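Okay, structure first, notes after.
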Amino acid sequence: MEKERAYDRYVDGSAGDANYSIIGAGYAHYRQPDPYIAQFIWKALGNAKTVLNVGAGAGSYEPIDRDVTAVEPSASMRSQRPAHLPAAIDTTAERLPFADNSFDASMATFTVHQWQNLHAGLREMRRVSRGPVLILTCDPAQLERFWLHAYAPEVIAVEASRYPSLDTMKEALGGTVEIVPVPIPLNCTDGFGEAYYGRPERLLEPGARLANSAWSFTDSSIGERFVDELQRDLNNGTWDLRYGNYRSQPFFDGSLQLIIARP
């Protein structure tokens, strides 16, 4: 059985390895759900009417045409949920307070790498779901495709070490599992790192980096070096010489994956 990671909940209730009372302050500004990515989730939900959103955060990708129940341990993230979404329940993936088969489907987006016990959380999602369990996540084996690896390999290494492998999640979920690659659109409104593959200037913004938890696990000097080197290469044309084709590339086939597990 997978052991729980050795960290405690933060003051605001964050139950993972990142303190969202700090990094979550401007999260909703930079991490808006992207309509193109959302289509993959809506399609996979099928005709599910009741949906559980685990690690719901500020509510990204919650379908407004379904009966959604959201759970989120971080008070900072719960407070950023817009008024049109239901208030989130303060609990963790590993301890869902619902009866077996309570929901038609369940979903989790950009959160499994935060959980203290991945297998326990996925088992809980499977237990309370009659139908599909959807996990929007990143394949750690594909993260080095992003040009950020050339500037801040430490950040990519941290991210790769935190995200569970697709095979691990597939095994934990059981049943019939489909893994769907999700191309990232050029003007992606959800500001995870790869969303800026063609807009490098955005990653010079402290808020954009802060909304990506991997930066919080590296020394501040890494961020300072990254900003200096990227700004230099943007000014002298080096970045565009190497990666300028990304500025007009409609989609980037990066690490983003949608796991669809059916009973």
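Whenever a residue of segment 105-129 is at negative phi, its partners that are of a type in the set (D, E, K, R) and not in a helix (DSSP H, G or I), lying with C-beta atoms within less than 6 angstrom and at least six residues away or across chains, give the pairs GLN116/GLU4; GLN116/ARG5; ASN117/GLU2; ASN117/GLU4; HIS119/GLU2; ARG127/ASP100. When residues in segment 70-104 are screened for being in contact (Cβ under 8 Å) with a residue 24 or more places away in the chain and in contact with a Pro (Cβ under 8 Å, 6 or more places away or on another chain), 2 of them pass. For GLU2, the stated conditions hold: it is within 28 Å of THR218 (Cα to Cα) and either in a loop (DSSP other than H, G, I, E, B) or modelled with pLDDT of 90 or more (or both).
Taken over segment 137-159, the criterion of being surrounded by 21 or more Cβ atoms within 10 Å (Cβ to Cβ), in a helix (DSSP H, G or I) and either in contact with a Cys (Cβ under 9 Å, 6 or more places away or on another chain) or among the β-branched types (Val, Ile, Thr) (or both) is satisfied by VAL155, ILE156, GLU159. Checked against the criterion of being of a type in the set (Lys, Arg), in contact with a helix residue (DSSP H, G or I) (Cβ under 9 Å, 6 or more places away or on another chain), surrounded by 14 or more Cβ atoms within 10 Å (Cβ to Cβ) and touching a residue at least 12 places away in the same chain (Cβ under 8 Å), the candidates ARG242, ARG225, ARG247 yield just one match: ARG225. If only residues of segment 225-263 that are of a type in the set (D, E, K, R) and closer than 30 Å to PHE40 by Cα are counted, the one that is farthest from the chain's Cα centre (by Cα) is ARG247. Residues that are surrounded by 18 or more Cβ atoms within 10 Å (Cβ to Cβ) and farther than 14 Å from ASP253 by Cα within segment 178-191 comprise ASP190, GLY191, listed in sequence order.
Residue by residue, here is whether (1) assigned to a loop (DSSP other than H, G, I, E, B); (2) under 18 Å from the mean Cα position of the chain (by Cα); (3) surrounded by fewer than 16 Cβ atoms within 10 Å (Cβ to Cβ); (4) charged (D, E, K, R) holds:
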{"position": "HIS29", "(1), (2), (3), (4)": "no, yes, yes, no"}
{"position": "ALA38", "(1), (2), (3), (4)": "no, yes, no, no"}
{"position": "ILE41", "(1), (2), (3), (4)": "no, yes, no, no"}
{"position": "ALA44", "(1), (2), (3), (4)": "no, yes, no, no"}
{"position": "ASN47", "(1), (2), (3), (4)": "yes, no, yes, no"}
{"position": "LEU52", "(1), (2), (3), (4)": "no, yes, no, no"}
{"position": "PRO63", "(1), (2), (3), (4)": "yes, yes, no, no"}
{"position": "VAL68", "(1), (2), (3), (4)": "no, no, no, no"}
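When you scan segment 213-236, do you find a residue that is modelled with pLDDT of 95 or more, at positive phi and not hydrophobic (A, V, I, L, M, F, W, C), even just one?
No.
When segment 237-263 is limited to residues that are of a type in the set (A, V, I, L, M, F, W, C) and part of a helix (DSSP H, G or I), the one that is farthest from THR189 (Cα to Cα) turns out to be LEU241.
Counting only residues that are in contact with a Phe, Trp or Tyr (Cβ under 7 Å, 6 or more places away or on another chain) and assigned to a loop (DSSP other than H, G, I, E, B), which one in segment 200-236 is nearest to ALA160 (Cα to Cα)? Among residues in segment 200-236 that are in contact with a Phe, Trp or Tyr (Cβ under 7 Å, 6 or more places away or on another chain) and assigned to a loop (DSSP other than H, G, I, E, B), the one nearest to ALA160 (Cα to Cα) is ASN212. Only residues that are under 17 Å from the mean Cα position of the chain (by Cα) and assigned to a loop (DSSP other than H, G, I, E, B) were counted across segment 109-136, and they come to 5.
Can you say whether SER255 is of a type in the set (S, T, N, Q) and either surrounded by fewer than 15 Cβ atoms within 10 Å (Cβ to Cβ) or touching a strand residue (DSSP E or B) at 6+ places or on another chain (Cβ under 9 Å) (or both), as far as the supplied structure shows?
Criteria met by SER255.
Each residue in segment 181-199 was checked for being assigned to a loop (DSSP other than H, G, I, E, B), more than 11 Å from the chain's Cα centre (by Cα) and aromatic (Phe, Trp, Tyr), and 1 pass.
The values are calculated or read from the model by the stated rules, or taken from the named source; none is laboratory data. All values derive from a computational prediction rather than experimental measurement. Neighbour counts are summed over all protein chains in view; Cβ atoms, including those assigned to glycine, are modelled from backbone coordinates with ideal geometry.
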